[in-house]
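Asks: Please find one structure pasted underneath; my questions will follow.
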């Protein structure tokens, strides 16, 4: 059971004393798993915890950037829970919090509020106002307060260190397989099913429409996917991500997924859509008949890839 605390004040006594991995944990990839395993090995009898931030600091400081998140809170929590994390302290990252100095962050948040007993971070971890603290200052501040610290070297492969940046690039380039290898699971978009224009239903392929919102927009095109339903069930399907140039009715990219042989009402429900492979890039067709013919071929290709 994983408990998420959306703040750092009024933490109950039973949640204090946690060992904490520090970072943004966007995507929760194999490098993050390595950090958590190393922390657990340092204090195997303690409850494993994570301190992270919401929103991502970059969303506060660079609000005009295109959406870039690999995972939002719920998806991140599930991924951390699968790695044995028992407590998540999700700090609201606002302008006031960003003004905390490095020393105050360790003293007031980690020590006084959370009662952290041992910390772990990567060698490039920076914290505090204007990123004024690094691993050297963290080690000094933590030692003065009796808090242990493990600085964990990055997990690497032939391409270099595992990182959220590298995974974003794989998705933007149209390689969800590569992203999945680095995440340790397929990359997924989780969101609420919204009403669309029902055009997919008219074409014989009803779709569940999900806004990408703050998620990274991967390469536009058609993907073979699996969908996790609210009851935990998995369903194969085919999805389109893009602006639908054939009908040309929106400037906003959206995720539209057709669940194979599914009969049910999904409006208002939360789905998690995992991307497995890019079947083809986005393209414009000469009318709806041509589009329908291609969708039929796309569904056949997705079924073959997913072996359904």
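Asks: Considering region 187-306, what Rg and Dmax in Å follow from its alpha-carbon atoms?
Replies: 13.0, 40
Asks: Compute a Gaussian network model of the chain, connecting alpha carbons closer than 10 Å, and tell me which residue from 266, 255, 275 fluctuates the most.
Replies: Checking each option, the largest mean-square fluctuation is seen for 266.
Asks: How high is the relative contact order of the chain? Use alpha-carbon pairs under 8 Å, at least six apart in sequence, and give a whole percent.
Replies: 17 percent
Asks: For region 47-154, what is the relative contact order in percent, using Cα pairs closer than 8 Å and at least 6 residues apart in sequence? Each step should come with its number before you reach the end.
Replies: Values: 116 pairs, mean separation 29.2, N = 108.
Relative contact order for region 47-154 comes out at 27 percent.
Asks: Let me ask another. Equivalent ellipsoid semi-axes for region 3-161, as square roots of 5 times the alpha carbon gyration tensor eigenvalues: give them largest first, rounded to whole Å.
Replies: 21, 19, 17
Asks: What are the principal axis extents of the Cα atoms in the chain, in Å, biggest first?
Replies: Principal-axis extents of the chain (Cα, largest first): 71, 41, 37 Å.
Asks: Along its principal axes, what span do the Cα atoms of region 99-238 show, with the longest given first and each in whole Å?
Replies: Answer, in whole Å and largest first: 67, 37, 29 Å.
Asks: Please rank 125, 53, 285, fewest neighbouring Cβ atoms within 10 Å first, as an exposure proxy.
Replies: Listing 125, 53, 285 from fewest to most nearby Cβ atoms yields 285, 125, 53.
Asks: When the helix-only estimate is applied to the chain (DSSP H runs of n ≥ 4, each -39,500 (n - 2.57), divided by the residue count), what is the mean residue ellipticity at 222 nm, nearest 500 deg cm²/dmol?
Replies: -7500 deg cm²/dmol
Asks: May I pose another question? Between 27, 264, 184, which gets the highest mean-square fluctuation from a Gaussian network model of the chain, Cα cutoff 10 Å?
Replies: Comparing 27, 264, 184 in the GNM, the peak value goes to 264.
Asks: Could you let me know the centre-to-centre spacing of region 93-159 and region 1-69, using Cα atoms, in angstrom?
Replies: What the calculation gives is 12 Å, centre to centre.
Asks: Okay, moving on. On a 0 to 90° scale, report how tilted helix 288-306 is relative to the longest principal axis of the chain, with both axes built from alpha carbons and the result rounded to the nearest 10.
Replies: The angle comes out near 50 degrees.
Asks: Expressed as an acute angle from 0 to 90° and rounded to the nearest 10, what is the orientation of the C-alpha long axis of helix 30-42 relative to the principal long axis of the chain?
Replies: Taking Cα atoms only, the helix is inclined about 30 degrees.
Asks: Of the candidates 274, 164, 45, which one comes out as most mobile in a Gaussian network treatment of the chain with C-alpha springs shorter than 10 Å?
Replies: The residue with the greatest mean-square fluctuation here is 45.
All of the numbers you see were taken from the coordinates with simple rules; none came from a lab. What you are looking at is a predicted structure, and each value in this text was computed from that prediction instead of being measured. Because the Cβ atoms are built from the backbone with ideal geometry, glycine has one as well, and the counts that use them run over all protein chains shown.
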